[in-house]
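Every number here is computed from the coordinates shown, using simple stated rules; none is lab data. Only a predicted model underlies this, so the values are computations on that prediction, with no experimental measurement involved. Every residue, glycine among them, receives a Cβ derived from its backbone with ideal geometry; neighbour counts consider all protein chains shown.
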Protein chains: 2
Amino acid sequence: MDPLSSALLTDLYQLTMLQAYYEQEMTDTAVFELFVRKLPPGRQFLVAAGLEQALDYLEGLRFGPEELAWIERCGHFKPGFAARLERLRFTGEVHAMPEGTLFFADEPILRVTAPMPEAQLAETRLLNLVHFQTVVASKAAHVRLAAPGKGLIDFGLRRAHGAEAGLLAARAAYLAGFDGTATALAAPRFGIPVFGTMAHSFVEAHASEVAAFAHFAAAFPDNAVLLVDTYDSIEGTRRAAATPGRLKGVRLDSGDLDALSREARRILDAAGHREAIVFASGNLDEARIAALVAAGAPIDSFGVGTSLTTSADAPYLDAVYKLQEYAGLARRKRSAGKATWPGRKQVWRELDAAGRFARDVVSVERDAQVGEVLLVPAMRAGRRLPQPGLEHARARCRSQLARLPAPRVEIAPALRRLAEDVDRRS
Amino acid sequence: MDPLSSALLTDLYQLTMLQAYYEQEMTDTAVFELFVRKLPPGRQFLVAAGLEQALDYLEGLRFGPEELAWIERCGHFKPGFAARLERLRFTGEVHAMPEGTLFFADEPILRVTAPMPEAQLAETRLLNLVHFQTVVASKAAHVRLAAPGKGLIDFGLRRAHGAEAGLLAARAAYLAGFDGTATALAAPRFGIPVFGTMAHSFVEAHASEVAAFAHFAAAFPDNAVLLVDTYDSIEGTRRAAATPGRLKGVRLDSGDLDALSREARRILDAAGHREAIVFASGNLDEARIAALVAAGAPIDSFGVGTSLTTSADAPYLDAVYKLQEYAGLARRKRSAGKATWPGRKQVWRELDAAGRFARDVVSVERDAQVGEVLLVPAMRAGRRLPQPGLEHARARCRSQLARLPAPRVEIAPALRRLAEDVDRRS
C-alpha cells in the first residue's frame with residue numbers, strides 16, 4: 001500500500017459513511033467546496049496551491065487488492081462492502097482557482113462535483129494536499145514580499161513534517177516566488193533549481209578552516225559558497241577571501257547578520273571579490289528578513305528553513321471541505337460558530353484602473369458578477385484538463401502579489417438569500 | 001524515485017560535501033549525534049520517537065539508476081562522482097534511546113558512527129524522520145497527561161503536513177499514549193486501532209437528522225457514534241437517544257463542550273443509554289482538555305486533530321545532527337549562540353527511591369556514571385538489531401510519564417574538560 005496514494009489514506013469515517021451511502025443507494029451528485037474560514041494572524045492573503053497533486057490523487061483513486069483485503073478483515077464493515085469499493089473510481093468534476101491565485105476567507109478554491117461516495121471519500125487527502133501547499137505557499141509569498149530583489153532558497157527539509165512535506169514545501173515555496181531549494185529530489189521531481197554547498201561538519205572534519213575551504217574550492221572550482229561561521233565569522237570570511245580560485249560567495253549562519261554582512265562585504269570587496277555574494281541563513285523568517293532589508297544589510301540571498309516548511313507562526317489554516325449541495329438541493333451546517341455559506345458558488349474578482357485588487361464577490365454560481373471568474377474547470381469525468389504547470393503558477397502568483405493590498409470581499413445578496421432558504425427547509 | 005526513500009531526499013549540500021570528501025579520501029569514521037538544543041515553551045520533556053523509520057532508511061539507503069542519472073546530468077558534480085555513489089551503502093553503527101524514552105535538552109537521542117560520507121549523507125532524512133515523530137510524540141504525551149483515564153483519538157490527517165506526516169503522527173501519538181487514530185491506513189501499516197463514524201455532510205445529505213441517524217445505525221448496528229451538532233447539539237442528542245438499536249455514543253463537535261456534555265449525559269441516561277459514551281472534538285488541545293477534565297465534564301473520549309498532528313504551539317524543535325568526532329578526534333563548532341558539547345557521549349539516568357526521575361548525567365561515553373544507560377545499540381555494520389516494537393515503546397513511554405517531574409540534567413566534568421581541549425586545539 002503506497003503511503004502517498006493508497007485509498008486507505010483517509011479517515012475511517014469516510015469509509016463508514018460510504019457503507020451507509022451504498023446501503024441506502026445515496027449516490028446522487030454531491031457538491032463539496034474547499035475553503036478557509038478565517039485567515040490566521042500574520043497572513044494578509046493566502047496563495048492557492050496543491051491542485052496538481054490533488055488531480056493526481058483523484059485520477060489514481062482506487063482500492064487495490066491489499067486495501068480490499070484489509071477492508072474485509074478489519075472487522076469494521078459488512079460483507080459485500082469491499083466488492084463495492086473495488087469498482088469505485090473518481091468520475092466527477094473539479095473546478096478550482098489556478099495555482100498561484102491569491103485568495104481570502106470564505107472564498108472556495110476547489111469544488112468537487114461527483115456521486116456522493118466519490119466526493120466524500122476524497123475529502124481527507126484533498127484537504128491534506130491542498131491545505132499544506134497553501135499553508136507553505138502563503139508563508140513563502142509573505143517572505144517574498146519582505147525581500148524584494150533578494151535571492152530566497154528553501155532550506156527546510158530536515159525539520160519539515162516528513163518527506164512529502166519537505167518535497168511539497170519546496171514546490172509551494174518556488175510557486176510563491178522562492179528561487180529554489182536545497183532539497184535535491186525537488187529538481188528531478190518538479191524541475192526546481194537546487195542550491196547547496198557545505199555544513200559546519202565539513203569545516204570541523206578538517207584540521208583547519210583553511211584546509212576545508214581549499215578542499216571545497218578544489219572540488220567546486222568557480223562555484224564555492226563557503227560557510228564562514230564555524231569558529232568566527234569575520235576570520236572565516238578573511239580565510240574565504242584568501243582561498244585560491246574564484247569565490248562564488250560566503251554564507252553567514254549565526255550572530256548579528258546585519259553587522260557581519262557589512263564587514264563581510266568590506267572584506268570581500270577589499271580582496272577583489274566584488275562579484276562574490278553574501279548569503280545569510282539561521283532562524284530567518286519574514287520579520288527578520290524585513291528588518292535586515294530595511295537596515296540595508298548587504299545580503300544578496302537568504303536561506304529560509306524551518307519557519308518556511310513548518311509555517312511556524314501559522315502551521316495550519318482553518319481549511320474545510322464542506323457539502324454544499326446534494327441531489328440538487330443546497331445544504332449547510334449551522335453548528336455553533338461554524339455555519340458556512342451553502343450552495344454551488346463562484347468568486348468574481350474586480351480590479352481597479354491601476355490593475356490592483358478592488359473587490360471580490362462570492363455568490364451562487366449562476367449569479368454572474370463583474371470581473372474575472374476565479375473557479376475554472378480542472379477535471380471532467382474523472383480526467384484532468386491540461387494544467388498550466390508550475391512556472392505558470394509561479395508567474396500568476398508574482399503578478400497577483402503586485403495587485404495587493406487585499407480587496408474587500410463581499411457576499412452577494414443571492415447567496416445570503418440561499419442561506420436563509422436552506423435554514424428554513426431543514 | 002520513491003519520494004519517501006530516494007537517496008536524493010537530502011540537502012544538495014550533503015552531496016557537494018560527499019564529492020569533496022571522496023576527492024580527498026576523507027572516509028574515516030565520523031560520529032554524529034542528534035539532539036535538541038532547547039525545549040520550546042509548553043514542553044516539560046520530549047519523547048524520543050522515529051527510530052524504527054530511521055533504521056529502515058539507513059538499511060535501504062542507496063542510489064538507484066534514476067538517482068545516478070540525475071547526478072550525472074544535473075551539472076552540479078564532476079564525472080566519476082555517480083560511480084562512487086553507486087557503491088555507497090550505510091555500513092555503520094547506530095546507538096539510540098529506545099522509542100518512548102523521555103529526554104531533555106542537550107541529551108543525544110541518536111548517535112551515528114560510520115565512514116564520513118555515509119554518516120553525512122544521512123543527516124537530512126534522519127533529522128526529518130526523528131524530529132517530526134519526536135515533535136508529535138512529545139505533544140501527544142502532554143495531551144495524555146491532561147486527560148488521565150480518558151480515551152484519546154488522533155483526528156489530524158486532513159491538516160497534517162502531507163501524507164507521511166499524517167501517518168507518522170498517528171504512530172507517534174499512539175506511541176505516546178493515544179488510544180488510536182482516525183487514519184485508516186495506520187491500521188494495516190502500524191497495527192494501530194482505528195476509529196471513525198460520520199461527518200456533518202452525512203447528516204446534511206439526508207432529508208432530516210432523524211433519517212441520517214436511522215440509516216447510520218442500520219449500517220452499523222450496535223456500533224454507531226452519532227454526530228449530534230449539525231443543527232443543534234441538544235436536539236441532536238435527543239434524536240440520537242431515540243434512534244432504534246443500541247447507541248454506542250454521541251459526538252459533540254462545537255459549542256460549550258462542558259455544558260453540552262452534561263446535558264448530553266443526562267439525556268442519554270434518562271433514555272436508558274447508560275453505556276453510551278460522550279465523545280468530544282473540535283479545536284481541542286491539552287489546555288482545553290485539561291480545563292474540561294478539571295471542570296468535571298462527563299466526556300469519555302476526545303478527538304484531537306490539527307493541534308496534535310501539526311503540534312501547533314510548537315511545530316518544530318531545535319533538533320540538530322552534529323559532528324562530534326572525526327578520525328578519532330572530538331569536534332565541535334563555536335558559532336555564536338550555537339556552540340555544542342563535543343565528543344561521543346552517553347546519558348545516564350538515575351531514579352529516586354520512589355522510582356521518579358532524579359538526575360540525568362551527560363558525559364563522554366567512557367566516563368561511566370550512576371544509573372541506566374540511555375543510548376543503546378540499535379544497528380551494527382548497517383543491519384538493525386531487533387527492535388522492541390511499537391507496543392513496547394508505548395509501554396515504555398507510559399512508565400516514564402509516571403516518573404515525572406523532570407530530573408535535573410548535569411553535564412559531567414569530563415565533558416566540560418573535553419570541550420575546553422577541543423577549543424584549544426582548533
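What's the extension gain from residue B:232 to residue B:339 if we count 0.36 nm per residue and subtract their Cα-Cα distance?
32.8 nm
Evaluate the relative contact order of region B:119-221 (contact order divided by residue number), counting alpha-carbon pairs under 8 angstrom at least 6 apart; express in whole percent.
Answer for region B:119-221 is 21 percent.
Just need the relative contact order of region B:87-176 here, percent rounded to a whole number, with Cα pairs under 8 Å and 6+ apart.
That works out to 27 percent.
In nm, what does the list of distances from residue A:65 to its counterparts in the other copies look like, shortest first, when each label sits 7 Å along Cα to Cβ?
Here the equivalent label points are 2.4 nm apart from this one.
I'd like the distance separating the alpha-carbon centroids of region B:401-418 and region B:168-202, in whole Å.
35
Can you put A:86, B:93 in order of Cβ neighbours within 10 angstrom, beginning with the fewest?
A:86, B:93
Which residues in region B:17-38 place their backbone N less than 11 Å from a point set 7 Å from the Cα of residue B:86 along the Cα-to-Cβ direction?
none
Using the count of nearby Cβ atoms within 10 Å as a rough guide to exposure, how do B:322, A:345, A:150 rank from fewest to most?
Numbers: B:322 23, A:345 27, A:150 17.
With the sparsest Cβ surroundings first, the list reads A:150, B:322, A:345.
Would you mind calculating the gained length between residue A:74 and residue A:2 on full extension (0.36 nm times residue separation, minus the Cα-Cα distance), in nm to one decimal?
Length difference between fully extended and current span is 24.1 nm.
If each of residue B:300 and residue A:38 carries a label point 7 Å out from its Cα toward its Cβ, how far apart are those two points in nm?
Distance between label points: 3.1 nm.
Please report how far the C-alpha centroid of region A:22-47 lies from that of region A:269-330, rounded to the nearest whole angstrom.
Value for the Cα centre distance between the two parts: 26 Å.
Residue separation times 0.36 nm, minus the C-alpha to C-alpha distance between residue B:266 and residue B:318: what's the value?
Answer, rounded to one decimal: 14.0 nm.
Taking a ≥ b ≥ c as the square roots of the Cα gyration tensor eigenvalues, with a/c under 1.5 meaning rounded and otherwise prolate when a/b beats b/c, else oblate, which class fits region B:273-426? Please list the in-between numbers first.
Working: a/c = 2.29, a/b = 2.06, b/c = 1.11.
Because a/c hits 1.5 or more and a/b exceeds b/c, region B:273-426 counts as prolate.
Taking N as the number of residues in chain B, what value does Rg over Cα atoms divided by 2.2 N^0.38 Å take?
Details: Rg = 25.2 Å, N = 426, 2.2 N^0.38 = 22.0 Å.
Dividing the Cα radius of gyration by 2.2 N^0.38 Å gives 1.15.
Shape verdict for region B:34-129, please, from the Cα gyration tensor: rounded (a/c under 1.5), prolate (a/b greater than b/c) or oblate.
prolate
Starting from the Cα of residue B:425, step 7 Å along the direction of its Cβ; do the same at residue B:207; then give the gap between the two resulting points in nm.
Here the modelled spin labels are 8.3 nm apart.
Gap in Å between the Cα centre of region B:206-266 and the Cα centre of region A:52-118?
Spelled out, the Cα-based centre of one part sits 26 Å from the other.
With N denoting the number of residues in the protein assembly as shown, provide Rg(C-alpha) divided by 2.2 N^0.38 Å, to two decimal places. Please list the in-between numbers first.
On the way: Rg = 27.7 Å, N = 852, 2.2 N^0.38 = 28.6 Å.
The value comes to 0.97.
In µm²/s, what is D for region B:145-309 at 25 °C and 0.890 mPa s, where D = kT/(6 pi eta Rh) by Stokes-Einstein and Rh is the Kirkwood radius from Cα pairs?
152
For labels at residue B:404 and residue A:293 in the simple 7 Å Cα→Cβ model, what's the distance in nm?
In this crude label model, residue B:404 to residue A:293 measures out at 4.2 nm.
Measuring label to label, 7 Å along Cα→Cβ, what does residue B:354 give against each other copy in nm, shortest first?
Result, one decimal in nm: 6.8.
What is the fewest-to-most order of A:29, A:197 by other Cβ atoms lying within 10 Å of their Cβ?
Sorted ascending by nearby Cβ count, the order is A:29, A:197.
Where does each of A:355-365, B:405-415 land if you order them by average Cβ count within 10 Å, highest first?
Going from most to least packed, we get A:355-365, B:405-415.
Per-residue ellipticity at 222 nm for chain B, helices alone: DSSP H runs ≥ 4 residues times -39500 (n - 2.57), over residue total, nearest 500 deg cm²/dmol?
It comes out at -11500 deg cm²/dmol, rounded to the nearest 500.
Pull out a ≥ b ≥ c, the square roots of the eigenvalues of the alpha-carbon gyration tensor of region B:93-156, then state rounded if a/c is under 1.5, prolate if not and a/b is larger than b/c, and oblate in the remaining case.
Because a/c hits 1.5 or more and a/b exceeds b/c, region B:93-156 counts as prolate.
Over the whole of B:82-95, what's the average partner chain Cβ count within 10 Å per residue? Rounded to a whole number, please.
Averaged over the peptide's residues, the number is 0.
Collect residues whose amide H, placed 1.01 Å from N in the peptide plane, falls under 5 Å from the amide H of residue B:277; neighbours closer than 5 in sequence don't count.
B:249, B:250
Placing unit charges on C-beta atoms (Lys and Arg positive, Asp and Glu negative, everything else neutral), compute the dipole magnitude of the protein assembly as shown about its Cα centre in debye, rounded to 20.
Dipole magnitude for the protein assembly as shown comes out near 540 debye.
So, R0 is 35 Å and r is the distance between the beta-carbons of residue B:372 and residue B:416; what FRET efficiency does that work out to, to 0.05?
About 0.95, to the nearest 0.05.
Relative contact order for region A:137-309: what is it in percent, counting Cα pairs under 8 Å that are at least 6 residues apart?
Relative contact order comes out at 27 percent.
How high is the FRET efficiency between residue B:59 and residue A:56 when r is their beta carbon distance and R₀ equals 30 Å, given to the nearest 0.05?
The calculated FRET efficiency here is 0.55.
Specify the residue with the greatest mean-square fluctuation among B:399, B:138, B:208, computed from a Gaussian network of chain B linking alpha-carbon atoms under 10 Å apart.
Top of the fluctuation ranking is B:208.
Label position 7 Å from Cα toward Cβ: report the copy-to-copy distances for residue A:27 in nm, one decimal, ordered from shortest.
Label-point distances to the other copies, shortest first: 6.0 nm.
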